[in-house]
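Participant: Mind looking over this structure? Questions follow.
The values are calculated or read from the model by the stated rules, or taken from the named source; none is laboratory data. Values in this document were obtained by computation on a predicted structure and should not be read as measured data. Cβ atoms come from the backbone with ideal geometry, glycine included; neighbour counts cover every protein chain shown.
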Amino acid sequence: MRRSLPLRIAAFAAALTVPFLGTAAPAEADTYQRGPDPTASSVLSHGTFALSTTSVSSAVSGFGGGTIYYPSSTDEGTYGGVVLAPGFTASSWMYDSIARRAASHGFVVFAIDTNSIYDQPGSRGTQILAAVDYLKKGASSAVASRLDESRIAVSGHSMGGGGTLEAAKANSSLKAAVALQPWHTDKTWPEVRVPTMIIGAEDDTIAPVASHSIPFYTSATGAREKAYGEVAGAGHLIANTDDDWQGRLYVTWLKRYVDDDTRYSQFLCPPPSSSSLSDYRHTCPD
């Protein structure tokens, strides 16, 4: 029986609301924004998240234990993770300042100890990845409830920075790498694929930027994105301090590539201009 015109119009309108069979509706893009909108002053300061810590025994397998710093609240969901390795003869507690700074911006930061304080960069890279696996397997119930195990970065200072490059070379599924005043006898890193930030120190006499940080940055031709920031007037041990510009570079890179938070792109591209930086190089995609 022929339907009236109003009925035919209603049926046609209803049909438009039914998805075509076999075609999925577009999903909303994932977002991992954590914390308030950043400002030029907020990226030079500690973040807004209150922190808790938990210790990891040296009896753990694959590395030397350490301390995990994490946001106390779960109100904003889970957070990306960062494994932070020490330099030659150093211990995890020496990096308390930068670990707390990063964690206060919404990250689970695992400052690790190495099996021996004399371990070389290759060994440190292996231990960094062992600590990544430890985090993913649920370091503790409190940490497991806060960590997004699909979003983990690696970081380290000096020989730990060299180990960071080793870890990034070995595991391209990492979301980011940040090497602090890195030291390594290998000067070429074309195999590194993950977004990599190298932070050098202008007056570093232990890992001079001309023979370490800059060649590492220049040779990382395979990195999806990369940047090099050099802190003016700083020495090799700036990683053991709470320097604001080192913290800004560190946090903005993690926010941009671990959290995929484009609110922080403005602090990386165009390159920051400040007398606190003696050099800045970048690939700036944004």
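Participant: Would you please name the residue that is surrounded by the fewest Cβ atoms within 10 Å (Cβ to Cβ), looking only at residues in the stretch 267-283 that are in contact with an Asp or Glu (Cβ under 9 Å, 6 or more places away or on another chain), touching a residue at least 24 places away in the same chain (Cβ under 8 Å) and of a type outside the set (G, A, S)?
Facilitator: Out of the qualifying residues, it is T283.
Participant: Restricting attention to the stretch 257-268, does a residue exist that is assigned to a loop (DSSP other than H, G, I, E, B), of a type outside the set (D, E) and in contact with a Gly (Cβ under 9 Å, 6 or more places away or on another chain)? Before you say what the answer is, go through the steps one by one.
Facilitator: Of the residues in the stretch 257-268, the ones assigned to a loop (DSSP other than H, G, I, E, B) are 258-261, 268.
Subset that is of a type outside the set (D, E): 258, 268.
Pick out the ones that are also in contact with a Gly (Cβ under 9 Å, 6 or more places away or on another chain) and you get 258.
For the stretch 257-268, residues assigned to a loop (DSSP other than H, G, I, E, B), of a type outside the set (D, E) and in contact with a Gly (Cβ under 9 Å, 6 or more places away or on another chain): present.
Participant: Which of the residues spanning the stretch 57-87 are out of contact with any Asp or Glu (no Cβ under 9 Å at 6 or more places or on another chain), surrounded by 13 or more Cβ atoms within 10 Å (Cβ to Cβ) and not small (G, A, S)?
Facilitator: Answer for the stretch 57-87, where residues must be out of contact with any Asp or Glu (no Cβ under 9 Å at 6 or more places or on another chain), surrounded by 13 or more Cβ atoms within 10 Å (Cβ to Cβ) and not small (G, A, S): V60, I68, Y70, P71, E76, V82, V83, L84.
Participant: Between residues in the stretch 103-114 that are more than 17 Å from H157 (Cα to Cα) and in contact (Cβ under 8 Å) with a residue 40 or more places away in the chain and residues that are in a loop (DSSP other than H, G, I, E, B) and among the acidic types (D, E), which pairs lie under 8 Å by C-beta distance while being six or more apart or on different chains?
Facilitator: G106/E76; G106/D259
Participant: When the residues of the stretch 136-148 are filtered to those that are in contact (Cβ under 8 Å) with a residue 12 or more places away in the chain and more than 18 Å from S172 (Cβ to Cβ), which remaining residue is surrounded by the fewest Cβ atoms within 10 Å (Cβ to Cβ)? Steps first, please.
Facilitator: Going through the stretch 136-148, the residues in contact (Cβ under 8 Å) with a residue 12 or more places away in the chain turn out to be 136, 139-140, 142-143, 145-148.
Going one step further and asking which of them are more than 18 Å from S172 (Cβ to Cβ), we end up with 139-140, 142-143, 145-148.
Working: A139: 21, S140: 13, A142: 17, V143: 21, S145: 11, R146: 23, L147: 23, D148: 16.
Applying the filter and picking the extreme gives S145.
Participant: Something else about it: Taking the stretch 238-270 on its own, how many of its residues are over 13 Å from the mean Cα position of the chain (by Cα) and either among the polar types (S, T, N, Q) or within 23 Å of H157 (Cα to Cα) (or both)?
Facilitator: 14
Participant: Using the structure shown, decide if G106 is at positive phi, buried (at least 21 other Cβ atoms within 10 Å of the Cβ) and not hydrophobic (A, V, I, L, M, F, W, C).
Facilitator: Values: at positive phi: yes; buried (at least 21 other Cβ atoms within 10 Å of the Cβ): yes; not hydrophobic (A, V, I, L, M, F, W, C): yes.
It is true that G106 is at positive phi, buried (at least 21 other Cβ atoms within 10 Å of the Cβ) and not hydrophobic (A, V, I, L, M, F, W, C).
Participant: Report yes if S97 is at pLDDT 95 or above, surrounded by fewer than 24 Cβ atoms within 10 Å (Cβ to Cβ), out of contact with any strand residue (DSSP E or B) (no Cβ under 9 Å at 6 or more places or on another chain) and outside any loop (DSSP other than H, G, I, E, B), otherwise no. Reasoning before the result, please.
Facilitator: Values: at pLDDT 95 or above: yes; surrounded by fewer than 24 Cβ atoms within 10 Å (Cβ to Cβ): yes; out of contact with any strand residue (DSSP E or B) (no Cβ under 9 Å at 6 or more places or on another chain): yes; outside any loop (DSSP other than H, G, I, E, B): yes.
So S97 fits the description; yes.
Participant: Right, something else. Any idea which of (1) outside any helix (DSSP H, G or I); (2) β-branched (V, I, T); (3) farther than 21 Å from H184 by Cα is the one V132 doesn't satisfy?
Facilitator: (1)
Participant: Right, another one. With of a type in the set (S, T, Y) and surrounded by fewer than 22 Cβ atoms within 10 Å (Cβ to Cβ) as the only criterion, which of T196, T185 stands out?
Facilitator: Step by step, each of T196, T185 is checked, and only T185 is of a type in the set (S, T, Y) and surrounded by fewer than 22 Cβ atoms within 10 Å (Cβ to Cβ).
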